[in-house]
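Chemist: Please read through the structure below; I'll follow up with questions.
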Amino acid sequence: MNGRLHLAALPAVLLAAAGLAALALLLKPPSAQAPLRIVSSEQCLECHSDVAAEWQASHHAVAFTNPEVRKLSNDFANQECIACHAPRPVLDFAPGERVLARQSNRGSGVDCLACHLGPDGGVATSNPRPLLDAPCRPRFEGRMASVDHCAACHNQHLTVEQWRASPAERRGENCLHCHMPETFRAGGRRGRDHSFRASHDLAALQSAVTLRGGLDPDGAWVEVENSGAAHNFPTDERSRAADVQVRWADANGAWGEWQKLFRFRQPYRDETHLVDTQLPAAQTWTGRPAAPQGASAGEARLLYRTNPYLPDDAAKELHRVPLKP
């Protein structure tokens, strides 16, 4: 009988022990060690080497040194580009306000301090339960997980405005849902992926759009649907372009050259002869390519270029479909 009573009381005992443990954590005195004075992103590596490795593989890390960026900005003679490619800490500015360029250490691009350094010199995090006695004394900052935090740089070409204009069911909570998904690191620690999946990530690009095509009584047809992005496709950089191409096989089955059917792109301000052909979220573009006389088969593909003047073999092929009934 006593054994049964003891077993019945066990859940209550465990619950009380858990409560005492939680209380002990809350009442735990702060570390006697002086907070680390953060002056460089290099200081983050000792505790966050796994996060740093993700960042180092990202295009945030090479935002200032990337040869493609240097060329498109005329080696930053176009100085307005520097603000987003080597920014001061975003938290120094009002939510959504455009950042200004920093004057030193520009080679590290969009580094840890650009996003995480607070105006008081402390480290901000989107983790609502930070480790308060860590050397950098992180503190929760809800703005870190908001679209306004990203908008400081990524709304220069109206990407955030495009996101706000997209259907509610497409938007999700914020930019992090797609570009910084949750990940688990060594020891089972949960965090946000700092590789920033975007236009240089093939899987991310492929998930943004769907390519369809076929033949019906009126001839060949091709469709591109912005089926996965919560903003225009392509977006953010006017240098981005996506081309729909088609090709045809002759009566002997020999394939001809690829021919451009349509280009999705936001033109530069001085390209007044071009129109904005970006594809908004949840919308579909349809084209009707004319097959040459005697064609025995056709196919369509979607190429993505980080520079509109890249040759086909330097572009990323996102999807390819046959043009058949």
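Readers should treat all values here as calculations from the given coordinates under stated rules, not as data from a laboratory. Since this is a predicted model, take the numbers as computed values, not measurements. With ideal geometry, Cβ positions are generated from the backbone for all residues, glycine too; neighbour counts draw on all protein chains shown.
Chemist: Quick check: residue separation of R189 and R269 times 0.36 nm, minus the Cα distance between them. What number comes out in nm? Walk me through the intermediate numbers first.
Modeler: Working: separation 80, 0.36 × 80 = 28.80 nm, distance 4.51 nm.
Result: 24.3 nm gained on full extension.
Chemist: Mind checking the log10 I(q)/I(0) for the chain at q = 0.07, 0.09 Å⁻¹? Debye, one equal scatterer per Cα, no solvent, two decimals.
Modeler: So the normalised log intensities are -0.41, -0.61.
Chemist: With unit charges on the beta carbon (Lys/Arg positive, Asp/Glu negative), name the residue among L279, L323, P311 whose Cα is farthest towards the positive pole of the charge dipole of segment 267-325.
Modeler: Farthest along the dipole direction, towards plus: L323.
Chemist: Let me spell out the model: positive unit charges on the Cβ of Lys and Arg, negative unit charges on the Cβ of Asp and Glu, origin at the Cα centre of segment 202-323. What dipole size does that give, in debye rounded to 20? Before the final figure, lay out the partial values.
Modeler: On the way: 13 positive and 16 negative charges, 31 e Å.
In debye, rounded to 20, segment 202-323 gives about 140.
Chemist: Under a 10 Å cutoff between Cα atoms, tell me which one of S49, S227, S199 has the largest fluctuation in the Gaussian network model of the chain.
Modeler: Per the Cα network of the chain with a 10 Å cutoff, S49 tops the list.
Chemist: At most 10 other Cβ atoms within 10 Å plus a DSSP loop assignment makes a site exposed; report the longest stretch of the chain without any exposed trypsin sites (Lys or Arg not before Pro).
Modeler: Values: sites that count: R37, R189, R269.
Segment 38-188 is the longest.
Chemist: Go through L117, L100, P167 and say which Cα lies farthest out towards the positive end of the charge dipole of segment 41-192; charges sit on Cβ, +1 for Lys and Arg, -1 for Asp and Glu.
Modeler: Of the options given, the answer is P167.
Chemist: Still on this structure: If I take R0 = 35 Å and measure r between the Cβ atoms of S49 and R164 in this structure, what FRET efficiency does the formula 1/(1 + (r/R0)^6) give, to the nearest 0.05?
Modeler: Details: r = 36 Å, r/R0 = 1.04.
Approximately 0.45, to the nearest 0.05.
Chemist: Check every DSSP H run in the chain and write down those whose alpha carbon atoms cover 27 angstrom or more along the long axis and whose mean Kyte-Doolittle hydropathy is 0.0 or greater. Display every interim value, and only then the final one.
Modeler: Values: long enough: 2-27 (36 Å, 1.72).
Those that clear 27 Å and a mean of 0.0 are 2-27.
Chemist: Once phi is turned into θ = phi - 60°, what whole-Hz ³J(HN,Hα) does the Karplus curve with 6.51, -1.76 and 1.60 give for every residue of segment 99-107, x standing for Gly and Pro?
Modeler: 6, 10, 6, 7, 9, 9, 6, 5, x
Chemist: Pop a pseudo-label 7 angstrom from the Cα along the beta-carbon direction at both A291 and Y309 and give the gap in nm to one decimal.
Modeler: 3.8
Chemist: Let me ask something additional. Note the per residue figure in Å³ for the convex hull of the C-alpha positions in segment 142-184.
Modeler: Numbers: hull volume 3.4 nm³, N = 43.
Per residue, the Cα convex hull of segment 142-184 comes to 78 Å³.
Chemist: Provide the net charge surrounding A297, with neighbours chosen by a C-beta distance below 10 Å and charges set as Lys +1, Arg +1, Asp -1, Glu -1. Please list the in-between numbers first.
Modeler: Numbers: positive: R247, K324; negative: D250, E299.
Taking every other residue near A297 into account, the sum is 0.
Chemist: Taking a ≥ b ≥ c as the square roots of the Cα gyration tensor eigenvalues, with a/c under 1.5 meaning rounded and otherwise prolate when a/b beats b/c, else oblate, which class fits segment 110-204? Before the final figure, lay out the partial values.
Modeler: Values: a/c = 1.94, a/b = 1.46, b/c = 1.32.
Since a/c reaches 1.5 and a/b is larger than b/c, the shape of segment 110-204 is classed as prolate.
Chemist: 222 nm [θ] for the chain, helices only, -39500 (n - 2.57) per DSSP H run of 4+, per residue, to 500? List each step's numbers first, then the result.
Modeler: Values: 10 runs with 79 residues, N = 325.
Result for the chain, helices only: -6500 deg cm²/dmol.
Chemist: Enumerate the aspartates and glutamates that K260 could reach by cross-link, defined here as Cα to Cα under 13 Å, with residues fewer than 8 away along the same chain left out.
Modeler: Partners within reach: D243, E299, D312.
Chemist: Suppose every Lys and Arg Cβ carries +1 and every Asp and Glu Cβ carries -1, with no other charges. What dipole size does the chain come out with about its Cα centre, to the nearest 20 debye? Write out the running numbers ahead of the final one.
Modeler: Numbers: 35 positive and 36 negative charges, 163 e Å.
The calculation lands at about 780 debye.
Chemist: Would you look at the GNM of the chain, springs on alpha carbons closer than 10 Å, and say which of Q79, Q56, Q156 moves the most?
Modeler: Looking only at Q79, Q56, Q156, the biggest GNM fluctuation is shown by Q79.
Chemist: Please go through segment 143-214 and write out the GluC sites (Glu not before Pro) that DSSP classes as loop and that have at most 14 other C-beta atoms within 10 Å. Working shown, then result.
Modeler: Details: sites: E161, E169, E173, E182; in loops: E173.
Qualifying residues, ordered by number: E173.
Chemist: Which of these, L91, L302, L261, has the largest mean-square fluctuation under a Gaussian network model of the chain (Cα springs below 10 Å)?
Modeler: Of the options given, L261 has the highest mean-square fluctuation.
Chemist: If we count other beta carbons within 10 Å of each Cβ, what is the order of T125, T235, fewest first?
Modeler: Fewest to most other Cβ atoms nearby, the residues stand as T125, T235.
Chemist: Which whole number in µm²/s is D for segment 202-323 by Stokes-Einstein, with the Kirkwood Rh taken over Cα pairs at 25 °C and 0.890 mPa s? Could you put the intermediate results ahead of the total?
Modeler: Working: Rh = 15.0 Å.
It comes out at roughly 164 µm²/s.
Chemist: Any idea what diffusion coefficient segment 41-192 gets from Stokes-Einstein, in µm²/s, Kirkwood Rh on alpha carbon pairs, 4 °C, 1.567 mPa s?
Modeler: Values: Rh = 16.5 Å.
Answer from the Stokes-Einstein relation: 78 µm²/s.
Chemist: Hey, got a sec? Which chymotrypsin sites (Phe, Trp or Tyr not before Pro) in segment 249-296 land in a DSSP loop and have at most 13 other Cβ atoms within 10 Å?
Modeler: Details: sites: W255, W258, F262, F264, Y268, W285; in loops: W258, Y268.
For chymotrypsin sites (Phe, Trp or Tyr not before Pro) across segment 249-296 that sit outside H, G, I, E and B with at most 13 neighbouring Cβ atoms in 10 Å, the list reads Y268.
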